[in-house]
Amino acid sequence: MADKRKIRIREVGPRDGFQSWPEFVPTEQKLEVIRMLIDAGVQEMETTSFVSPKAIPQMRDAAEVLAGVPRAGCIHGPLVPNLKGATLALDNGADKLVVVISASDAHNLANVRRTINESLSDLKAIFELARQHGKPVVGSMAVAFGCPYQGDVPEDDVFRLADAYITGGAASVVLADTTGMATPPRVIKLVKGYARRFPETPYSLHFHNNRGTAMANLYAALEAGADTFDAALGGIGGCPNVPQAAGNLATEDVVYMLEDMGISTGIELEAIIAAARLLETIVGGPLPGQVIKC
């Protein structure tokens, strides 16, 4: 009998989800959710984000969150937008760094007030700092499937950014559908194109559900050979600089579908549903995820 196919899930709710919630979620409640995620079997997450508290006040407790998380069994990779954020993350015990640059200048300017080239100018110093600490870097490409300001993003622009990350020393990259503009044919084309261009560098798919196509896109990527996906507990999340942004794929929904397909995620379904229900209590309202409604 063939071995059961395995898929890796990168949990992004503690970063992407909590940063998009209108109210600040208290540190201890964030940590309670993170502990339940790890107990459910999550092995890697974007735990927080070292960004300006003026820009994203929901992440102002990044150092306290990273100091309080369980260290056994989970890789904690905070998102950092620049060298200052990278320095703070590493000083506070990050296991890896997640650097994000948009694949379109228009979105990068809205997101971090810098052009792509200006953001790239920081990369060499970030990679060098990470090497000094013995920590890997993940290069995330926002709006890889379309930009809310520019529209279509040429595939060559995505691959040019991927090449800059990989040449700099990125251990892996993230192809992010920040706007929810992706459809299955777009996903298949980009995934296969990436695999041809960069066969030695792992990648993750990060799908938002603005147009209701996120789960279909995951299935298409799965069929095209992808084996790592980002998901957020309860389906919360959304880029602050995408108009009418919707949430991410709900972790519990992804686990349910993949496990029913005979694909292992390493995450226990009932435990992840319990974590989603706790999160629903914390935020005080229904979440986009569907499995917890059953």
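Restricting attention to the stretch 66-80, the residues that are over 16 Å from Gly17 (Cα atoms), in contact with a Lys or Arg (Cβ under 8 Å, 6 or more places away or on another chain) and of a type outside the set (Val, Ile, Thr) total 1.
Of the residues making up the stretch 164-202, just one is in contact with a Phe, Trp or Tyr (Cβ under 8 Å, 6 or more places away or on another chain), within 19 Å of His107 (Cα to Cα) and open to solvent by 20 Å² or more (accessible area, probe 1.4 Å), namely Met181.
Would it be correct to say that Gly262 is free of Cβ contacts under 8 Å to residues at least 24 places away in the same chain, outside any helix (DSSP H, G or I) and loosely packed, with under 13 Cβ neighbours inside 10 Å? Here the answer is no, as Gly262 does not meet what is asked.
Can you find a residue in the stretch 203-215 that is surrounded by fewer than 20 Cβ atoms within 10 Å (Cβ to Cβ) and either touching a helix residue (DSSP H, G or I) at 6+ places or on another chain (Cβ under 6 Å) or of a type in the set (S, T, N, Q) (or both)?
Our first condition is that a residue be surrounded by fewer than 20 Cβ atoms within 10 Å (Cβ to Cβ); within the stretch 203-215, this holds for 211-212, 215.
Restricting the remaining residues to those that are either touching a helix residue (DSSP H, G or I) at 6+ places or on another chain (Cβ under 6 Å) or of a type in the set (S, T, N, Q) (or both) gives none.
Checked against the condition, which is being surrounded by fewer than 20 Cβ atoms within 10 Å (Cβ to Cβ) and either touching a helix residue (DSSP H, G or I) at 6+ places or on another chain (Cβ under 6 Å) or of a type in the set (S, T, N, Q) (or both), the stretch 203-215 yields no hits at all.
Would you confirm, using the coordinates I've provided, whether Leu161 is open to solvent by less than 30 Å² (accessible area, probe 1.4 Å) and touching a Phe, Trp or Tyr at 6+ places or on another chain (Cβ under 7 Å)? Against the criterion (open to solvent by less than 30 Å² (accessible area, probe 1.4 Å) and touching a Phe, Trp or Tyr at 6+ places or on another chain (Cβ under 7 Å)), Leu161 does not qualify.
The set of residues from the stretch 80-105 being over 15 Å from Ala130 (Cβ atoms), open to solvent by less than 40 Å² (accessible area, probe 1.4 Å) and without any contact (Cβ under 8 Å) to a residue 60 or more places away in the chain comprises Ala103, Ser104. If you check Pro22, Pro53 for being in a loop (DSSP other than H, G, I, E, B), under 15 Å from Gly237 (Cβ atoms) and not charged (D, E, K, R), only one passes: Pro22. All of (1) at pLDDT 95 or above; (2) in a strand (DSSP E or B) hold for Ala86 with one exception: (2). Working only within the stretch 26-79, note down all residues that are of a type in the set (A, V, I, L, M, F, W, C), at pLDDT 95 or above, farther than 30 Å from Ser264 by Cα and surrounded by 15 or more Cβ atoms within 10 Å (Cβ to Cβ). Matches in the stretch 26-79: Phe50, Met59, Ala62, Ala63. Restricting attention to the stretch 89-107, the residues being more than 17 Å from the chain's Cα centre (by Cα) and either modelled with pLDDT of 95 or more or of a type in the set (D, E, K, R) (or both) number 5. Checked against (1) at pLDDT below 95; (2) out of contact with any helix residue (DSSP H, G or I) (no Cβ under 8 Å at 6 or more places or on another chain), Asn241 passes all but a single condition, namely (2). Considering Val99, Val51, the condition of being touching a helix residue (DSSP H, G or I) at 6+ places or on another chain (Cβ under 9 Å) and within 28 Å of Glu280 (Cβ to Cβ) is satisfied by Val51 alone.
The values are calculated or read from the model by the stated rules, or taken from the named source; none is laboratory data. Predicted model, so just to flag it, every value in this text is computed and none were measured. Heads up, the Cβs are rebuilt from the backbone with ideal geometry, glycines too, and the neighbour counts pull from every protein chain shown. Quick note on the areas: whole protein, heavy atoms, side chains included, nothing else; ligands and nucleic acids left out. Shrake-Rupley method; radii C 1.70, N 1.55, O 1.52, S 1.80 Å.
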